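These notes are about the structure you will find just below.
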Amino acid sequence: MSHFAYRNRTLHIENLPLAQVAAEFGTPTYVYSRASLEENFAAYANACKQHGRSDAHGALVCYSVKSNSNLAVLNLLGKLGSGFDIVSGGELLRVIAAGGDPRKVIFSGVGKSREEMRLALSHDILCFNVESIPELHRLNAIALEMGKRAPVSLRVNPNVDAKTHPYISTGLKDNKFGIAFEEAIATYKVAASLPGLQVVGIDCHIGSQLLDDAPLLEALDKVIELVDTLNDAGIVLHHLDIGGGIGITYDDEKPVAVADYLARLFARIDDWRAKKYAGNNITVLFEPGRSIVGNAGVLLTEVQYLKHGETKNFAVVDAAMNDLMRPAMYEAWHGVQALQKREGSSQVYDVVGPVCESGDWLARARALTLEQGDLLAIMSAGAYGMTMASNYNTRGRAAEVLVDGEQSMLIRKREMPADLFALESIPK
């Protein structure tokens, strides 16, 4: 269910008017619904339980930290039992600072540094998702230096078209991610030969914002094929990581329900295991991000000016591309809702920010009934909003607020100008 709804023409988050959040914390501000976060995580956790996988020995949901890395969000998900999918040493330190268990962390990414590998090994993370042979050799050398064996899986690129935006498609041959399907067996043999590595799993991630699970199930079939071949070669895997990618509704999309997708996925895995590996279970890992946090958050902003032109009308707001990069980067669509519905006829506006770029827009051609000073909510902004924010034009990043019922809690202070140049210095 949506935890954002109008009551008496006033937009609420759970039981709290969003205008009250704006009055207390100002704008622009990201606001997240705790109930929505819990409900979205439960969609994965409950589906795992329904199919007989109730803990890390049968399935583990590893939340994708890059989608929203606020400590309060990580803490909440960790308490619900989540593991974490990270792509940097900084994200690992965030997980630890939030009280997350590093032994439930998988480390993805194509460019892990030596320092990041040492950090992850020192915290005994669950697994490294390795994406190249040079990375295997670097990790092996560092593990031997530290007197450890690094647990690894290979991220295999199955060359499956996710049919999503090219910037968030990751499973095709011309993407930078993963090891080519045709080279996977040879690469696994290299990994198995290195004394500082312990081969434990296989990983696959084909893209983000998938509305149909057919490409994911196609990728699963190719991964299963590899697992069988590896088993015949004496390389036995303990987990299968199918990645994330399930989309959300931004406009009128109808993404596959998480429960339906997991039911089909577990049915295929159970049938496969029953035929070939009876009694020998394999843990299934997931890396969801957007489907947990995307529709759990909004970006609040205030209309500064209404600028009416001959060919276009502009609603100039105090949020900008540095706050929400997705429209400028992907031409992404986000809903725009007034916090207080006005009477009267609407006009068509482009909702734009104050940054000195023509690409600084948040929404185009929206029919809105507005006056200067009105408050707006940019919807579905919980994922890849704050984590992609910048300080372009020396703009402080937005505040972040978590709402639980009628209670609002500041979970990140707004950056002030002095914060932005505190690390800089003028040479004498």
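Taken together, the values in this text are just the output of simple stated rules run on the coordinates, not laboratory data. Being a predicted model, the structure only gives us computed values, none of them experimental. Every residue, glycine as well, gets a Cβ built from its backbone with ideal geometry; the counts of neighbours run over all protein chains shown.
Considering only the chain, what is the antiparallel percent among its DSSP beta bridges, to the nearest 5?
Working: 34 of 71 bridges.
Among the beta bridges of the chain, antiparallel pairing accounts for roughly 50 percent.
Tell me the label-point distance for the pair Glu406, Asn15, using the 7 Å Cα-to-Cβ offset, in nm and rounded to one decimal.
Simple spin-label model gives 0.6 nm for this pair.
If the elastic network links every pair of Cα atoms under 10 Å, which of Asp221, Asp85, Asp241 fluctuates the most in the Gaussian network model of the chain?
Checking each option, the largest mean-square fluctuation is seen for Asp221.
Please compute the contact order of region 62-122 in relative form: average sequence separation of alpha-carbon pairs under 8 Å and at least six residues apart, divided by the residue count, as a percent.
Numbers: 77 pairs, mean separation 21.7, N = 61.
Taking the mean separation of contacting Cα pairs over the length of region 62-122, I get 36 percent.
On a C-alpha basis, how far is the centre of region 301-333 from the centre of region 35-105 in Å? Whole number, if you could?
Comparing the Cα centres of region 301-333 and region 35-105, I get a distance of 33 Å.
Over all alpha-carbon pairs of the chain, lay out the pair-distance distribution in 10 Å bins, whole %, shortest bin first.
4, 21, 29, 24, 14, 6, 1, 0
So which residue, out of Cys127, Cys48, Cys356, gets the largest mean-square fluctuation from a GNM of the chain using Cα contacts under 10 Å as springs?
Comparing Cys127, Cys48, Cys356 in the GNM, the peak value goes to Cys356.
May I ask for the Kirkwood hydrodynamic radius of region 271-428, worked out over all distinct Cα pairs and given in angstroms to one decimal? Write down the numbers at each step before the final one.
Numbers: mean 1/r = 0.0548 Å⁻¹.
One decimal place: 18.2 Å for the Kirkwood radius.
Mind sorting Ser208, Ser88, Ser64 by how few other Cβ atoms lie within 10 Å of their own Cβ, fewest first?
Ranking Ser208, Ser88, Ser64 by Cβ neighbours within 10 Å, fewest first, gives Ser88, Ser208, Ser64.
Could you list the chymotrypsin sites (Phe, Trp or Tyr not before Pro) in region 312-367 that lie in coil according to DSSP, counting only those with at most 16 other Cβ atoms within 10 Å of their Cβ?
Details: sites: Phe314, Tyr330, Trp333, Tyr349, Trp361; in loops: Trp333.
The qualifying sites are Trp333.
At 0.36 nm per residue, minus the direct Cα-Cα distance, what do Ala42 and Lys79 gain on full extension? Give it in nm, one decimal, please.
Numbers: separation 37, 0.36 × 37 = 13.32 nm, distance 1.21 nm.
Result for the pair: 12.1 nm of gain on full extension.
How many nm is it between the label spots at Cys356 and Phe421, if each spot is 7 Å from the Cα in line with the beta carbon?
1.5
What percent do you get for the relative contact order of the chain when only Cα pairs under 8 Å and 6+ apart count? Write out the running numbers ahead of the final one.
Values: 927 pairs, mean separation 81.8, N = 428.
Once divided by the residue count of the chain, the mean separation gives 19 percent.
Among Thr249, Thr27, which comes first, second and so on when ranked by fewest other beta-carbon atoms within 10 Å?
Numbers: Thr249 15, Thr27 21.
Going from least to most buried by this count: Thr249, Thr27.
Summing -39500 (n - 2.57) over the DSSP H runs of n ≥ 4 in the chain and dividing by its residue number, what mean residue ellipticity at 222 nm do you reach, to the nearest 500 deg cm²/dmol? Could you put the intermediate results ahead of the total?
On the way: 12 runs with 126 residues, N = 428.
Computed ellipticity for the chain at 222 nm equals -9000 deg cm²/dmol.
Tell me the chymotrypsin sites (Phe, Trp or Tyr not before Pro) within region 221-311 that lie in a loop according to DSSP and have at most 10 other beta-carbon atoms within 10 Å. Mind dumping the intermediate values first?
Values: sites: Tyr250, Tyr261, Phe266, Trp272, Tyr277, Phe286, Tyr305; in loops: Tyr250, Tyr277.
When the chymotrypsin sites (Phe, Trp or Tyr not before Pro) of region 221-311 are filtered for loop state and at most 10 Cβ neighbours within 10 Å, nothing remains.
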